[in-house]
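Working notes, beginning with the structure itself.
The values are calculated or read from the model by the stated rules, or taken from the named source; none is laboratory data. Bear in mind the structure is a predicted one, so any value in this text is a computation, not a measurement. All Cβ positions, glycine included, derive from the backbone under ideal geometry; neighbour counts span all protein chains shown.
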Amino acid sequence: MPDKITLLPDNIANQIAAGEVIQRPASAIKELLENAVDAGATEIKLLINDAGKALIQVIDNGSGMSETDARMSFERHATSKIKSIEDLFHIRTMGFRGEALASIAAVAQVELKTKRAEDETGIYIEVENSAVKKQEPIAAPVGTSIAMKNLFFNVPARRNFLKSNAAEMRHIVDEFTRVAMSFPEILFTLTANNQQLFHLEAGSLKQRIVQLLGNNYNAKLVTVKEETDYMNIYGFVGKPETAKKTRGDQYFFVNNRFIKSPYLNHAVMSAYQEMIPTDSFPMYVLFIDLDPAVVDVNVHPTKQEIKFEDEKIIYAFVQAAVKHALAQFSVTPTLDFDLDASIQQLSSIQQPFTEERKSAASSGSIFKGFTQKHQAHFIEKSDKNELKHWRDFYESQETGVGRQESTLKSVDTLPTHDSRLQTDGELTQLLNTYITLPSANGFLLIHQQAAHERVLYELLKTASKDKPVATQRSMFPSTLELTPSDAAVMQEIIGDLQQLGYTIEPFGKNTFVIQGTPADVEAGNEKHIIDILLEQYKHFSNEVKFSKREKLIRSLARQQAIKTGVRLTEREMRQLVNDLFACEQSNATMDGNPTYLEFKQEQLEKMFGK
Ligand code: ADP
Ligand code: MG
């Protein structure tokens, strides 16, 4: 029998290793950008064609490489950043494993141009399948340009695995944003298919945040800054009013490296407790700096997860720092935030801070602790929760079961056009939220928002190519300027939106024109509606079980439904009730919450002991 074991050739070994480091265009981009940062560049340009599938090029004005280093850089475990295992515990650069360039050279056609300031000429190297194909001196500016073409050209299985251009582009913008966010002192540009998407001048962190996340955050950022011997934290958190329905704008960096940490995220969320609705996410961009020796960045190959020596201290520190920042900002109560009028009227919001509380909040050490209820921004639990309790009460009376099982089952639901239902009966609006409608044995309590959501959902569901929702062309089309990642989302849904009554046309560089909307959208409100729509669509985008169209329909229904707190005329109530009971499934919203509850007189009497 011959022996069976052979050593894998370098190119195959590198291809296998590349699987860990380079999953998609965005991961290669991250590595190349980080190398440019490590090289001390003050200007970094990223060029992309075909969402990185055809070309990714990073041009920097950093240190450049010598001829030997340039050749060496493509070897596996070739790094100038560590020499011993000891170094690993003190590393301050972004790279350290010496695997990125080797991996890239294994799965793409790479062209490197580089020149150091002290050298007469630069060097050009072409690599394919881990082998150098060409090497020659060239004239070049100081710095490095690395172009990688046809990613995964030699690994078809992985190339086929790549997502649509819109999806890959979203990953690219995410990575670019993370690196650009952590180095505001560096100028970054991103050009895709010859169109410049970002031009980020060097500046302060605040300027960078606004450049990347949008002007909405201007004047709505609260500074976080605490320093101790063990660690420092600095950055910004959004004022409570900027909290969104999606998790998007949340960034943690540890020693300038973007990380994902549900644990630290929780620390920030808890600092906001009761200042924002429970289902919304505050914006934050926070940098934690601490001795690299107490962090292990090596636990995850793409380095997004890290381990701290003492997580609990860091949690407490982050939470306290954010609380402190928010308390200082709410010393000046502002009532400008965009919440229901009913919330604005809560006494805790309206009451100004007393002098005493003011000084207590602003002088308090961050570890002293203070209660949020004393703050101007304290918001009572949303009325939705009250509704739930109320429902529990009703249901436990009826069925003897508690909250766990309290869903639709126990609610008496009436078939459509039930003769017992008097849709022409007297309608009353309660609390600007519910509509009562007499039934044969009692009355229905209809939730106006839930009911309208159901009506819109069914209406939109039946819209199709042949039968689109009627569009009303705007007299004054408004333009919509989106962030590049939102623009990518918009491209994804623009066709479906057309069928649903929204005519939106691309107008170059992240700009779109709203040409028409469904007839019932108020003029002047189009932009706002699309903004919220995008937010909600992104909110649903993690729900893999829904198709793109389903997500869109749900977003639209949710967003267009009349809200609680809105006073309805008799005619509007009648219309809503008729529409609701003409629905295929009138008793539940798309999420399975009831649209109405039935109260039977018999049960009510029992409850009164009669
Ligand atoms: P690592 O960053 O972990 O050291 P890489 O494979 O990313 O490994 O890079 C290998 C080496 O190539 C780096 O250590 C660095 O010396 C050199 N290098 C890579 N990119 C650049 C660049 N843009 N400018 C200067 N040197 C670079
Ligand atoms: Mg590197």
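One line per residue, one yes/no per condition, for (1) farther than 27 Å from PHE507 by Cβ; (2) over 30 Å from the mean Cα position of the chain (by Cα):
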| residue | (1), (2) |
| --- | --- |
| PHE443 | yes, yes |
| TYR457 | yes, no |
| LYS461 | yes, no |
| SER485 | no, no |
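It is to be established whether one or more residues within the range 266-284 are in a loop (DSSP other than H, G, I, E, B), modelled with pLDDT under 75 and of a type outside the set (D, E, K, R). No: zero hits.
Given the condition assigned to a loop (DSSP other than H, G, I, E, B), farther than 30 Å from ASN165 by Cβ and more than 7 Å from ligand 1 (Cβ to nearest atom), answer yes or no: does some residue in the range 62-71 qualify?
At the first step, the residues of the range 62-71 found to be assigned to a loop (DSSP other than H, G, I, E, B) are 62-66.
Adding the requirement that they be farther than 30 Å from ASN165 by Cβ leaves 63-66.
Right, trim to more than 7 Å from ligand 1 (Cβ to nearest atom) and you get 66.
Scanning the range 62-71, I find at least one residue that is assigned to a loop (DSSP other than H, G, I, E, B), farther than 30 Å from ASN165 by Cβ and more than 7 Å from ligand 1 (Cβ to nearest atom), so the answer is yes.
Would you confirm whether or not the range 104-111 contains a residue that is more than 16 Å from ligand 2 (Cβ to nearest atom) and at pLDDT 95 or above? Yes, the range 104-111 has at least one match. Only residues that are part of a strand (DSSP E or B) and surrounded by fewer than 15 Cβ atoms within 10 Å (Cβ to Cβ) were counted in the range 103-123, giving 0. Criterion applied to ALA78, ALA18, ALA26, ALA41 was being in contact with a strand residue (DSSP E or B) (Cβ under 8 Å, 6 or more places away or on another chain), in the same structural domain as THR191 (by TED's automatic domain parsing) and either of a type in the set (A, V, I, L, M, F, W, C) or surrounded by 21 or more Cβ atoms within 10 Å (Cβ to Cβ) (or both), and the one residue passing it is ALA41. Within the range 99-149, how many residues turn out to be of a type in the set (Lys, Arg) and within 12 Å of ligand 1 (Cβ to nearest atom)? The number of residues fulfilling the criteria is 3.
Does LEU32 satisfy the condition of being modelled with pLDDT of 85 or more, within 9 Å of ligand 1 (Cβ to nearest atom) and surrounded by 15 or more Cβ atoms within 10 Å (Cβ to Cβ)? Spelling it out, LEU32 is indeed modelled with pLDDT of 85 or more, within 9 Å of ligand 1 (Cβ to nearest atom) and surrounded by 15 or more Cβ atoms within 10 Å (Cβ to Cβ).
Right, ARG92: near ligand 1 (Cβ under 9 Å from one of its atoms), at pLDDT below 95 and out of contact with any Asp or Glu (no Cβ under 7 Å at 6 or more places or on another chain) or not? Considered against the rule, which asks whether it is near ligand 1 (Cβ under 9 Å from one of its atoms), at pLDDT below 95 and out of contact with any Asp or Glu (no Cβ under 7 Å at 6 or more places or on another chain), ARG92 comes out as no.
When LEU576, LEU556, LEU580 are checked against the criterion of being in contact (Cβ under 8 Å) with a residue 40 or more places away in the chain and closer than 20 Å to ILE514 by Cα, a single residue qualifies: LEU556. Reported count of residues in the range 53-81, each being away from ligand 2 (no atom under 13 Å from the Cβ), among the β-branched types (Val, Ile, Thr) and touching a residue at least 60 places away in the same chain (Cβ under 8 Å), is 2.
Here are some residues: LYS538, LYS551. Which one is of a type in the set (D, E, K, R), under 28 Å from THR191 (Cα atoms), out of contact with any Asp or Glu (no Cβ under 6 Å at 6 or more places or on another chain) and modelled with pLDDT under 85?
From the options LYS538, LYS551, the qualifying one is LYS538.
Within the range 82-102, track down each residue that is more than 11 Å from ligand 2 (Cβ to nearest atom) and part of a helix (DSSP H, G or I). Working first, answer last.
Our first condition is that a residue be more than 11 Å from ligand 2 (Cβ to nearest atom); within the range 82-102, this holds for 82-92.
Answer for the range 82-102, where residues must be more than 11 Å from ligand 2 (Cβ to nearest atom) and part of a helix (DSSP H, G or I): GLU86, ASP87, LEU88, PHE89.
If the condition is being in a strand (DSSP E or B) and surrounded by 19 or more Cβ atoms within 10 Å (Cβ to Cβ), then the range 504-515 contributes ILE504, PHE512, ILE514. Taking the range 97-135 as the range and being touching a residue at least 24 places away in the same chain (Cβ under 8 Å), farther than 18 Å from ARG159 by Cα and touching a Lys or Arg at 6+ places or on another chain (Cβ under 8 Å) as the test, the residues that pass are GLU99, ALA102, GLU111, GLY122, ILE123, ILE125, VAL127, VAL132, GLN135. Close contacts from the range 19-42, counting a first residue that is at negative phi and a second that is among the hydroxyl-bearing types (Ser, Thr, Tyr) and within 13 Å of ligand 2 (Cβ to nearest atom), with Cβ to Cβ under 6 Å and a gap of 6+ residues or different chains, come to VAL21/SER103; ILE22/SER103; ASP38/THR93.
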